[in-house]
Amino acid sequence: MGKTLLGISASPRKLGNCELFIKDIFRRMGEGWELRMARLPELDIKPCRACYQCLFDQMKCPREDDFLPVIGALAQADAYVVAAPVYLLSANSSLKALLDRGLQFYAFVDQLWGKPGVAVAMAGIDGMEGSGKRDVESFVKLTLGDLRGSAVVYGALPGESLLGEQNSEIAKQLAGALLDPAMRLKPAGPVCPICGGDTFRFMADGRARCMLCSGSGFWQFENQSLAFHMEPGDHPLFLGKDEVIGHAQWLRGMKARFLEKRQELKAVVKPYVGMGTFIESKK
Ligand SMILES: Cc1cc2nc3c(=O)[nH]c(=O)nc-3n(C[C@H](O)[C@H](O)[C@H](O)COP(=O)(O)O)c2cc1C
């Protein structure tokens, strides 16, 4: 039996750049692999209703849609590629819609943990990727995968991502990283020493926060390069399997905290009940 690569494309375009680039990576992985694809905008992935049912009892989201088949395919895959088009400076919303249902991932920790994954942010204009790279990296990290590499690929017209030496080298490297952990890609610039992310928020107190793992610490120039000295945050979401299970447990504890504070919360909410008029759906 061959191994399965799951390609998750967040693009609505059939044979658009995300789909083509995933297929290009697959093609470079050689014999013994088969490709399964998910085109997220075509699937019915409803918004999370914040009911937290996926954390309790059967650990199953009550929404009836295509979310569980996608997570099931991810759980069964041997490796995965996620590619999302950059829309208005971030990965497009179909990727986030899937990720927003992610408290359900805690029911699949054993199947998802450490699965090789790579991430591609597809941008039409060089330099206009916004948070796209972090967004796709965060998808792999939060689905508990082993992020072997990520890249911003430039290509606007459908098929353009397959043109040029640079893009083809990226596809080759990402395929190699999926096949062999020793070939994992490292960003060329300074990275977070905890998670390897390279998207930071610079704080007023002179510290920086990693936008991937939420670690924070100070930064300074060392050998003419920026270096980050970070500590993990209080809620590491993917740094270790035990931390993942611990965070799910902490979330379960919110139920008791809510019940404790219920009366106090009810009182502060009361003056806002019935305030304003809401736009109604035409549906
Ligand atoms: C609504 C919309 C917004 C876009 N915004 C950006 C952007 O902010 N930055 C950018 O570089 N490209 C932007 N693009 C271009 C796409 O990222 C680019 O065409 C990409 O190749 C699309 O991938 P696809 O062919 O897989 O759909 C935008 C495209 C659309 C349709």
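The values are calculated or read from the model by the stated rules, or taken from the named source; none is laboratory data. What you are looking at is a predicted structure, and each value in this text was computed from that prediction instead of being measured. No Cβ is skipped: glycine too gets one built from the backbone with ideal geometry, and neighbour counts run over all protein chains shown. When the accessible area is computed, the model is the full protein with side chains, heavy atoms only, and any ligands, DNA or RNA have been set aside. Shrake-Rupley method; radii C 1.70, N 1.55, O 1.52, S 1.80 Å.
Annotation: extensible slack from LEU239 through ALA188 equals 16.2 nm (criterion: 0.36 nm per residue apart, minus Cα-Cα distance).
With a simple spin-label model that places each label point 7 Å from the Cα along the Cα-to-Cβ direction, the separation between ARG252 and ASN223 comes to 4.6 nm. Cross-link pairs exceeding 27 Å in C-alpha to C-alpha distance, out of LYS133/LYS241; LYS96/LYS283; LYS133/LYS282; LYS255/LYS283; LYS60/LYS270; LYS46/LYS186, comprise LYS133/LYS282; LYS255/LYS283; LYS60/LYS270; LYS46/LYS186. This model, with +1 at the C-beta of Lys and Arg and -1 at the C-beta of Asp and Glu, gives the chain a dipole about its Cα centre of some 880 debye. State the answer as a single residue: which of CYS54, GLY155, MET128 lies farthest towards the positive end of the charge dipole of the range 4-156, with beta carbon charges of +1 for Lys and Arg and -1 for Asp and Glu, about the Cα centre. After comparing all options, I get MET128. The portion of the accessible surface of the chain made up by carbon and sulfur, rounded to a whole percent, is 54 (1.4 Å probe; DNA, RNA and ligands excluded). Once you reduce the range 169-204 and the range 206-252 to the center of their Cα atoms, the two points are 16 Å from each other.
The mean sequence separation of alpha-carbon pairs under 8 Å and at least six residues apart, normalised by the residue count of the chain, gives a relative contact order of 15 percent.
As I understand it, the value is the acute angle between the Cα axis of helix 165-179 and the longest principal axis of the Cα atoms of the chain; what does it come to in degrees, rounded to 10? Between the helix axis and the principal axis of the chain, the angle is about 70 degrees.
Between TYR87 and ASN92, the built amide H atoms are under 5 Å apart, and every one of these is 5 or more places off in sequence or on another chain.
Accessible surface calculations at 1.4 Å, restricted to protein heavy atoms, place the chain at 57 Å² per residue. Phi-derived couplings, Karplus 6.51 cos²θ - 1.76 cosθ + 1.60 at θ = phi - 60°, listed residue by residue for the range 220-233: 7, 7, 9, 6, 6, 9, 6, 10, 10, 10, 10, 10, x, x Hz, with x used for Gly and Pro. Taking Cα atoms only, the orientation of helix 241-269 departs from the longest principal axis of the chain by about 30 degrees. Relative to the longest principal axis of the Cα atoms of the chain, helix 132-142 runs at roughly 70 degrees. In this simple spin-label model, placing a label point 7 Å from the Cα along the Cα-to-Cβ direction at both VAL268 and LYS283 gives a separation of 3.2 nm. For MET128, the accessible area of its heavy atoms, probed at 1.4 Å with every protein chain present, is near 100 square angstrom.
Per-residue ellipticity at 222 nm, computed for the chain from helices alone with -39500 (n - 2.57) per DSSP H run of at least four residues, works out to -9500 deg cm²/dmol. Taking a point 7 Å out from the Cα of ASP126 in the direction of its Cβ, the residues of the range 160-187 whose backbone N falls within less than 15 Å of it are 161, 163-168. Taking θ as phi - 60° and the Karplus parameters 6.51, -1.76 and 1.60, the scalar couplings of the range 144-156 work out to 6, x, 8, 5, 8, x, 8, 7, 9, 10, 9, x, 9 Hz in sequence order, x denoting glycine and proline.
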